[in-house]
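**Student:** Before we start, here is the structure in question, set down as structure tokens.
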Amino acid sequence: MDQATLSRIVRSAAARAALWAALALLAGCATQTTSPAPLDANLVRATPLPEKSEPQPNTASAELVPQDDPEVQAAIRAWKGGQSAPIIRTSEFIQYPYGLTEAIVTCEPLRVCDVELDAGEEIQNVSIGDSSRWLVHPAFSGARETLTPHVMVKPTEYGIVTNAIVTTNRRTYYLGLVSKANGDPGYVRRVKFYYPLDLVEQANGTFRAKATLAQRASDATVARGPRLAADRLSFGYEIVGGQGLPWRPVRVFDDGQHVYIQMPTALQASEAPALLVQSRGESALVNYRVRLPYYVVDRLFDTAVLIVGVGRHQDRVTIQRKADGQ
């Protein structure tokens, strides 16, 4: 066996030993916190993310940027000191360290769970494993300049599990969704995140360098969103129902590839609707992005429905493409 092969084997063994040590630390931290509701056997907690190829920041010399929440400060200090980043649990919310574990959202039928993302992020897509028994839709809070995105989650049955993936212009969130058994405790009204990796990058100057580059790119951008050719736009859509609803669309048009649903400014202060496209008598979730004031749907459709609520307490607005397209 040559020297190069022996070196690779040694490095691989060291990497495996480090990974097992990190998993042991994470398990030790979990035993000291309040146990969440029992999970279905098919729902597996995520392990720490694989090592990245790019150089990691020097956490030993970095000074953390102060935050308003003292619990987050304490959690970051613990993580920086070599401990597993803890999950912060309070009577109001659960706060997960982004990128270091999968967020488990324990919900209950007829109750809404609020998953709050980082301020300034733009939700690009929400995908859910079981769209027939779970309702998931985006919402927003705050002023336009500091808009905070939310993902509202609501199961329709007890004792079911699935997962959801939320992509934004900054990150990808992996969520485990659990609807607790009838009568069991454990309903979580609000889930938040804190970002240890981002704070360390910021402390080392990496964050500031990236922000400077992003600002330069933003300054060079004349307008956000795709370039729309006026001669390709079609406004041949009819909005049916929902008079008086604060989220009823203002207008709908397409560019031949995407449909743009312009929402009113009042949407920021109300529950945002979920969008379903109807085809052959069935309704299905489709990929769409939220770039206020627009829902941008990544395909054309003949009929779509915007929905808020469940069952008899449901509000609906239907969008239909006119036969003549005018």
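The values are calculated or read from the model by the stated rules, or taken from the named source; none is laboratory data. Everything quoted here is computed from the prediction, not taken from an experiment. Every residue, glycine among them, receives a Cβ derived from its backbone with ideal geometry; neighbour counts consider all protein chains shown. Ligands, DNA and RNA are stripped out before the accessible areas are found, and what is left, the full protein with its side chains, is counted by its heavy atoms. Shrake-Rupley method; radii C 1.70, N 1.55, O 1.52, S 1.80 Å.
**Student:** State the number of residues belonging to the range 284-300 that are in a strand (DSSP E or B) and open to solvent by 20 Å² or more (accessible area, probe 1.4 Å).
**Tutor:** 6
**Student:** If you don't mind, another one. Please pick out the residue among A272, A266, A323, A304 that is open to solvent by less than 50 Å² (accessible area, probe 1.4 Å) and part of a loop (DSSP other than H, G, I, E, B).
**Tutor:** A272
**Student:** Next question. Going by the conditions given, is D298 closer than 19 Å to F253 by Cβ and either touching a residue at least 12 places away in the same chain (Cβ under 8 Å) or out of contact with any strand residue (DSSP E or B) (no Cβ under 9 Å at 6 or more places or on another chain) (or both)?
**Tutor:** Numbers: closer than 19 Å to F253 by Cβ: yes; either touching a residue at least 12 places away in the same chain (Cβ under 8 Å) or out of contact with any strand residue (DSSP E or B) (no Cβ under 9 Å at 6 or more places or on another chain) (or both): yes.
Taking the combined requirement at face value, the residue satisfies it.
**Student:** Please indicate, with yes or no, whether at least one residue in the range 174-189 is closer than 28 Å to T265 by Cα, open to solvent by 40 Å² or more (accessible area, probe 1.4 Å) and in a loop (DSSP other than H, G, I, E, B).
**Tutor:** Looking through the range 174-189, at least one residue is closer than 28 Å to T265 by Cα, open to solvent by 40 Å² or more (accessible area, probe 1.4 Å) and in a loop (DSSP other than H, G, I, E, B).
**Student:** Could you check Q215 against (1) modelled with pLDDT under 65; (2) exposed (fewer than 10 other Cβ atoms within 10 Å of the Cβ) and say which number it fails?
**Tutor:** Result: Q215 passes all but (2).
Conditions tested, residue by residue: (1) touching a Leu at 6+ places or on another chain (Cβ under 8 Å); (2) closer than 18 Å to I160 by Cα.
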| position | (1), (2) |
| --- | --- |
| T90 | no, no |
| P97 | no, no |
| T101 | yes, no |
| V105 | yes, yes |
| I128 | yes, yes |
| R133 | no, yes |
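**Student:** Could you list, in sequence order, all residues of the range 102-159 that are of a type in the set (S, T, Y) and either over 24 Å from D298 (Cα atoms) or within 14 Å of the chain's Cα centre (by Cα) (or both)?
**Tutor:** Correct list: T106, S127, S141, T146, T148, T156, Y158.
**Student:** A further question follows. Could you figure out which of (1) within 26 Å of the chain's Cα centre (by Cα); (2) modelled with pLDDT of 80 or more isn't true of G311?
**Tutor:** Against the list (1) within 26 Å of the chain's Cα centre (by Cα); (2) modelled with pLDDT of 80 or more, G311 comes up short only on (2).
**Student:** Quickly run through the range 236-255 and pick out the residues that are small (G, A, S) and either under 20 Å from E271 (Cβ atoms) or open to solvent by 20 Å² or more (accessible area, probe 1.4 Å) (or both).
**Tutor:** G241, G242, G244
**Student:** Residues in the range 107-135 that are assigned to a strand (DSSP E or B) and not hydrophobic (A, V, I, L, M, F, W, C): how many?
**Tutor:** Here the count works out to 5.
**Student:** Touching a residue at least 60 places away in the same chain (Cβ under 8 Å) and out of contact with any strand residue (DSSP E or B) (no Cβ under 6 Å at 6 or more places or on another chain): is that true of L267 in this structure?
**Tutor:** Yes, satisfied.
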